[in-house]
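The values are calculated or read from the model by the stated rules, or taken from the named source; none is laboratory data. Here the structure is a predicted model, which means the values were calculated and not measured. Glycine also receives a Cβ, built like all others from the backbone with ideal geometry; neighbour counts cover every protein chain displayed.
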Amino acid sequence: MSDCERLSDRMPEVALLRAAWSAEEAAHLASCADCRAEWDLVLAAHRLEASGPSVDPATMAAAVQHRLASERMADRRGRWGWALGGLAAAAALALVVGRGPESRQGTAPAVAVTADPLVPLPELEGLETAQLDTLLQALDGPLAGTSAPDSTTADDDVDAELEQLLATWEG
Amino acid sequence: MSASPVLETPSDHELASAYRAGDERAAAELVRRHAPALGRYLYSSGAAADEVEDLVQEALFRAFRRLDGWRGEASFRSWLFAIGGNVLRDEFRRRKGRHVLSLEDRDLPDRADPEADLAATETEEGLRRGIASLPRLQREVFLLRTQQGSGYTEIAAALGTTAGAARVHYHHAVKRLKELVR
C-alpha cells in the first residue's frame, strides 16, 4: 500500500477528530498535491454534513410513532375484517349443512326417479312373466312380518285412547 | 459515601430488541439518536432542504417496519442510512428524473472571514452538486466514509456489497469529485 493510499484510508478518522496526523503523514500531505486535494474534499464533506438542515428529534419521534401506531391499527382492522368474513362464511356454510335434510327431502324423489332405471337387476331378467306377476303381487300385498311391529301397536294404542276419550265425553 | 448508580446507555441493539418486544419508548430513543444525522446525510446526498423532514420520517418508518431485517452486520445508523438512500432514490423516481437537489435558502455563515467563508460555502455547494451527480453506490460509500467515518467492511454490510468493491467505489467517487469541485 502506497503512502497516498494509507493517508487516504486515515482521512475520515482525522477529519472526524478521532485520530491525528503523524509527523510523517503531515509531511507527505504537505508535499503531495493529490493527497491535499483529497483531504480538502474530505474536509468539505465533513463541513457539508455539519451544515445540513436540523431535524427536531422529538417531533420526528412523535411523527414516526404516530405512523407506526396508525399502521398497526389498520393491520388489526384488516385482520378483524378477515376474521369476521371467515366467521360469516363459516356461519353460512353451517346453515346450509344444518338445513341439509330438509332440502334433501325435496330433492330425493327426483334423484330416485332418475336413478331407478340405472339400477341393474340381472336376476329379474331370467324370470318368466308369471313369475314376475307373482313377485309383484307379493310386493303389493301386506308386508306381514316385515313392517315395524312397534308402529302397529302404537297406532292401536292411540285408537283405544281416542275411543276411551270419546266415551267419557259422551257419558 | 455510596457511589451513585451508573446508568448505562442502551445500545442500538438493545433498543431494537426492546422495540421488537413492544417497548415504544425504545423506538423514540432510536429516532432521537439517528434522525438528525440521517437528515444531514440526505441533505448531503442532494435532498431539498424543505423535503428532508419528510424523507427522514419515511426512512425511519420503513426501518421500523422491517427492523427484523437488521441483523447487526452493519451499525444501525449505516443500515438506516442505506434505507434513507432507497427513500431518496424512490423520491427521485417519483419525480421522474427531476432532480431533488435544491440550493435555496442557504444562509451564509456569519464568521470572521467572509471571503473565506464564501469560498468554503461555494466549495460545499459544489461538492453537494457533485455528490448528487454520482452513481448511487459511489455517493453512499463516499458519504458513509467521510461523514460517518465508517469502515469499508461496515459500509459493505450496509449496502450489500463487498469491502473491496466499497473501496473501489470510494476511490472512483473521490476521483470524480476532485474533477467536479476543482
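Among the residues of the range A:1-14, what is the count of those that are at the interface with chain B (Cβ under 7 Å from one of its Cβ atoms) and buried (at least 16 other Cβ atoms within 10 Å of the Cβ)? Break it down into steps so the answer makes sense when it comes.
We begin by selecting, within the range A:1-14, every residue at the interface with chain B (Cβ under 7 Å from one of its Cβ atoms); these are A:12-13.
Still in the list and also buried (at least 16 other Cβ atoms within 10 Å of the Cβ): A:12.
The number of residues fulfilling the criteria is 1.
If you take the residues in the range B:128-182 that are outside any helix (DSSP H, G or I) and over 17 Å from A:Ser8 (Cα atoms), which one is nearest to the other protein chains (Cβ to nearest Cβ)? So that I can check it myself, show each step before the final result.
Initially, the range B:128-182 is screened for residues outside any helix (DSSP H, G or I), giving B:134-135, B:149-151, B:160-162, B:182.
Restricting the remaining residues to those that are over 17 Å from A:Ser8 (Cα atoms) gives B:134-135, B:160-162, B:182.
Details: B:Leu134: 12, B:Pro135: 17, B:Gly160: 21, B:Thr161: 18, B:Thr162: 17, B:Arg182: 8 Å.
Once the filter is applied, the top-ranked residue is B:Arg182.
The single condition from (1) under 27 Å from B:Arg129 (Cβ atoms); (2) buried (at least 20 other Cβ atoms within 10 Å of the Cβ); (3) modelled with pLDDT under 95; (4) touching an Asp or Glu at 6+ places or on another chain (Cβ under 7 Å) that B:Val87 fails is (3).
Within the range B:43-56, the set of residues being facing another protein chain (nearest Cβ under 8 Å) and touching a helix residue (DSSP H, G or I) at 6+ places or on another chain (Cβ under 6 Å) comprises B:Tyr43, B:Ser44, B:Val52, B:Val56. When B:Leu55, B:Leu67, B:Leu7 are checked against the criterion of being out of contact with any Cys (no Cβ under 7 Å at 6 or more places or on another chain), at pLDDT 95 or above and not polar (S, T, N, Q), a single residue qualifies: B:Leu55. Looking at A:Trp39, A:Trp21, just one residue is outside any helix (DSSP H, G or I) and more than 10 Å from chain B (Cβ to nearest Cβ), and that residue is A:Trp21. Given the condition exposed (fewer than 15 other Cβ atoms within 10 Å of the Cβ), touching a helix residue (DSSP H, G or I) at 6+ places or on another chain (Cβ under 8 Å) and farther than 18 Å from B:Ser150 by Cβ, answer yes or no: does some residue in the range B:57-66 qualify? Yes: one or more hits. Within the range B:113-120, is even one residue in a helix (DSSP H, G or I) and either surrounded by 17 or more Cβ atoms within 10 Å (Cβ to Cβ) or at pLDDT 95 or above (or both)? Checking the range B:113-120: at least one residue is in a helix (DSSP H, G or I) and either surrounded by 17 or more Cβ atoms within 10 Å (Cβ to Cβ) or at pLDDT 95 or above (or both). Is it true that A:Ser51 is free of Cβ contacts under 8 Å to residues at least 24 places away in the same chain, hydroxyl-bearing (Ser, Thr, Tyr) and away from every other protein chain (no Cβ under 14 Å)? No.
I'd like to check something: does the range A:91-99 contain any residue that is more than 14 Å from every other protein chain (Cβ to nearest Cβ), modelled with pLDDT under 85 and more than 24 Å from the chain's Cα centre (by Cα)? Outline the logic, then answer.
Here is the first cut: in the range A:91-99, the residues more than 14 Å from every other protein chain (Cβ to nearest Cβ) are A:91-99.
Within this subset, residues satisfying the condition of being modelled with pLDDT under 85 are A:91-99.
Subset that is more than 24 Å from the chain's Cα centre (by Cα): A:99.
Within the range A:91-99 (the criterion being more than 14 Å from every other protein chain (Cβ to nearest Cβ), modelled with pLDDT under 85 and more than 24 Å from the chain's Cα centre (by Cα)), the answer is yes, since at least one residue qualifies.
Residues that are among the small types (Gly, Ala, Ser) and in a helix (DSSP H, G or I) within the range B:69-91 comprise B:Gly69, B:Ser78, B:Ala82, B:Gly84, B:Gly85, listed in sequence order. Within the set of pairs 6+ apart or on separate chains, which have a first residue in the range B:49-71 that is more than 18 Å from A:Ala62 (Cβ to Cβ), a second that is of a type in the set (Phe, Trp, Tyr) and not in a loop (DSSP other than H, G, I, E, B), and C-beta atoms under 8 Å apart? Close Cβ pairs satisfying both conditions: B:Ala49/B:Tyr43; B:Leu67/B:Tyr19; B:Trp70/B:Phe76; B:Trp70/B:Trp79.
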